[in-house]
Every structure is written in structure tokens, then in C-alpha cells.
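Chemist: Just passing along the structure, written as C-alpha cells.
The values are calculated or read from the model by the stated rules, or taken from the named source; none is laboratory data. Everything quoted here is computed from the prediction, not taken from an experiment. Cβ: placed from backbone, ideal geometry, glycine included. Neighbour counts: every protein chain shown. Ligands, DNA and RNA are stripped out before the accessible areas are found, and what is left, the full protein with its side chains, is counted by its heavy atoms. Shrake-Rupley method; radii C 1.70, N 1.55, O 1.52, S 1.80 Å.
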Amino acid sequence: MTKTALITGITGQDGSYLAELLLEKGYEVYGIIRRSSNFNTQRIDHIFKDIHEKENKLHLVYGDLSDASSIGAIIRKVMPDEVYNLAAQSHVKVSFEIPEYTADITAMGSLRILEAIRQFCPKAKYYQASSSEMYGKVKETPQSEKTPFHPRSPYGVSKVFSYWITKNYRESYDMFACNGILFNHESPRRGETFVTKKITKAIAKIKAGKQKKLYLGNLDAKRDWGYAKDYVEAMWLMLQSEKPEDFVIATGETHSVKEFLEEAFNLVGLNWQDYVEIDQRYFRPAEVDLLIGNPQKAKEILNWEPKTKFKELVRIMLKEDLDEEGIDFEK
């Protein structure tokens, strides 16, 4: 029997990779998109092209996490076996500028979905995209499922609410609801305002003669960076488990923004110090200095491990941006 999955945030980095994975596994996939004056489906357009001659199992429906009635109507119509909530206002720096909107979408949006599932489709399995930003001012290193949270941004605070409301619905209503505490995960599909993509995109434009400088904030911030394509597999595995649990998904390694810079610029034979300047506008009001996850539980229970190492991730991202500029990349 064909399973049906509902994905919020399907047009984002994680949503597009997850849609590909589920379609490969034979799922019927529904994705929620917001109505806007411009289409924002670039990350999934290729899926429609790949399947145009086959049975179309990817369906887009209009909805909004700020609108409980639309979420409830979609849940009632689709009656999914699995729901993956990946949608959010996910930019940490931006969350300081629009904190109320961030809380409404990122925090209350998860509650609206859980309540719709409880009312209309209580047997559906639910995945909540939690974040390493919940740890914030970390209490221990590395961070595990037992590490206390100390979020340092409206985004992090909103994700803490989503985490606890997911556990609350699991414990109160016996729902199959999981939190995936994902540490930073990147890919060629990463949004251009995120630092890793900003770096690789700028290098490609510098090599093409279209850009001279790259402006960044805190180069000493350290993150546990993995490959998004690896991480969506962990999301799926969580919902295939015998019982719902929460998992840290990470590489167990940490690298600074400066290290990412050095690796990426070295791949094209350039010295990053010749092109990078610090701009105070890109510093956060409250910084998160060090994040590194302990994925041991995921390894033991889900049999999941990251496949892509840091240097390979940088290469994958850089090659994509160089290709877009028509620049050969031999390394």
C-alpha cells in the first residue's frame, strides 16, 4: 500500500531533498506552499521535469502555517501517514528583526499542525524540525539529547517551543511525534543569505569577475556542518522507528567560519584574506559561539551516520556555484 507524506517547507533546501527521497521510496508526496506573486519552486522544479512522463506522485497545495483553518483543511483532505514540518522563518539574524513573525510561524505553526493531526488524523506520524540553535549558550560540549537549552535568538526560542509542544502532544495524546535536533546542514540548495552559500556564491562571482569583496560577520563562530541530503534520510528513519523519540543529527565535528573560508578559497587557488572584509551589520545581538553535536543515539537506534565530510561538503557547494558561472572546477 502506498504511503502518503505531507511536507511543510517543501520548497526549501531540506524539503526538496526529502521530497526526492520519499518519491524514490514510492510515497505519494504533498507539499504545502504559500501563495505569493512569484513562484518559489526552483528547488523542486526538476522533480516535475523528471516525472513528467511517469505517474505524478508530487502534489503542491496552498496553505500557510499562520492559518489554522488551511492547515486543518489540508490534513483532512490528504489524511497523511507521515507529516514532516520543515517550514519556518529560519534565518537567525532575521529573527531579531521580525521576532513576532518568527514566533508565529516557527513556534505556533508547529502547534497548529499538531492540533490538526490530533483532531483529524491522529494515527499520522509527525516529524518536527528542531534545531541546534536551541542550545545557544551551550551548557556542555558536545551537545546531546540531554543537554539543556539556552537559546540566543527569537528563532532559537521559537524552536524550543516547537520542541516541547511536540513532546507534550506525544505524551498527552499518545501521538507518534519526533523531534530531529539537526545541527547546521548545507548543500548547493542552501539559501543565499546563509553564510556557507554566501561564501561559495561569492567565490564563483569573484572568479567570474562579477564581485570584488565578500562582507561577513563573526569568523570565529564554530558550527557542526553536515550535508542536507544525508540529514533528510535521518528524518525518514525517525518515523520508521518502533516508538517515537528525539534525536540529535550531527557530524560530531566543528569548524569555524574562517575554516570554511580557507577551504573554499584554497580550492580555487585564492587567499581569502584578499577578498573578505568584516561588516558589523552581520553580527548577531547575541552570538552562539560553538555548536557540536553528539549523534551517538542516532547511530545506535536509527543506524544513521553522516556520509559526507566537511571538505567534501565545501567542494560540492563550490562546484555547483562555479558551474553556474560557467567556470570549470577540476578538484
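Chemist: Conditions: (1) over 24 Å from G15 (Cβ atoms); (2) open to solvent by 10 Å² or more (accessible area, probe 1.4 Å); (3) in contact (Cβ under 8 Å) with a residue 40 or more places away in the chain. Q143 meets all but one. Number of the miss?
Modeler: (2)
Chemist: Would you be able to tell me the number of residues in the range 206-232 that are touching a residue at least 24 places away in the same chain (Cβ under 8 Å) and open to solvent by 60 Å² or more (accessible area, probe 1.4 Å)?
Modeler: Summing the residues that are touching a residue at least 24 places away in the same chain (Cβ under 8 Å) and open to solvent by 60 Å² or more (accessible area, probe 1.4 Å) in the range 206-232 gives 8.
Chemist: Residue under question is A19, and the condition is that it be surrounded by 23 or more Cβ atoms within 10 Å (Cβ to Cβ) and either modelled with pLDDT under 95 or not in a loop (DSSP other than H, G, I, E, B) (or both); does it hold?
Modeler: Here the answer is yes, as A19 does meet what is asked.
Per-residue answers, yes or no, for (1) among the aromatic types (F, W, Y); (2) in a loop (DSSP other than H, G, I, E, B); (3) within 24 Å of V94 (Cβ to Cβ):
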| position | (1), (2), (3) |
| --- | --- |
| E245 | no, yes, no |
| E253 | no, yes, no |
| A264 | no, no, yes |
| R284 | no, yes, yes |
| P306 | no, yes, no |
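Chemist: Another one. Tell me which residues, restricted to the range 99-137, are within 29 Å of N294 (Cα to Cα) and of a type in the set (G, A, S).
Modeler: Within the range 99-137, A103, A107, G109, S110, A124, A129, S130, S131, S132, G136 meet the criteria.
Chemist: I'm trying to understand the selection: among the residues of the range 256-282, which are open to solvent by less than 70 Å² (accessible area, probe 1.4 Å) and among the hydrophobic types (A, V, I, L, M, F, W, C)?
Modeler: Answer for the range 256-282, where residues must be open to solvent by less than 70 Å² (accessible area, probe 1.4 Å) and among the hydrophobic types (A, V, I, L, M, F, W, C): V257, F260, L261, A264, F265, L267, V268, L270, W272, V276.
Chemist: Would you check if S130 is open to solvent by less than 20 Å² (accessible area, probe 1.4 Å), in contact with a Phe, Trp or Tyr (Cβ under 9 Å, 6 or more places away or on another chain), part of a helix (DSSP H, G or I) and within 27 Å of A250 (Cα to Cα)?
Modeler: Criteria not met by S130.
Chemist: Is it the case that K123 is open to solvent by 10 Å² or more (accessible area, probe 1.4 Å), out of contact with any Gly (no Cβ under 8 Å at 6 or more places or on another chain), assigned to a loop (DSSP other than H, G, I, E, B) and not hydroxyl-bearing (S, T, Y)?
Modeler: yes
Chemist: Please find, within the range 87-120, the residue that is modelled with the highest pLDDT out of those that are open to solvent by 30 Å² or more (accessible area, probe 1.4 Å) and in a loop (DSSP other than H, G, I, E, B).
Modeler: Across the range 87-120, the extreme among qualifying residues is I98.
Chemist: Determine, yes or no, whether V288 is in contact with a helix residue (DSSP H, G or I) (Cβ under 6 Å, 6 or more places away or on another chain), among the β-branched types (V, I, T) and open to solvent by less than 20 Å² (accessible area, probe 1.4 Å).
Modeler: no
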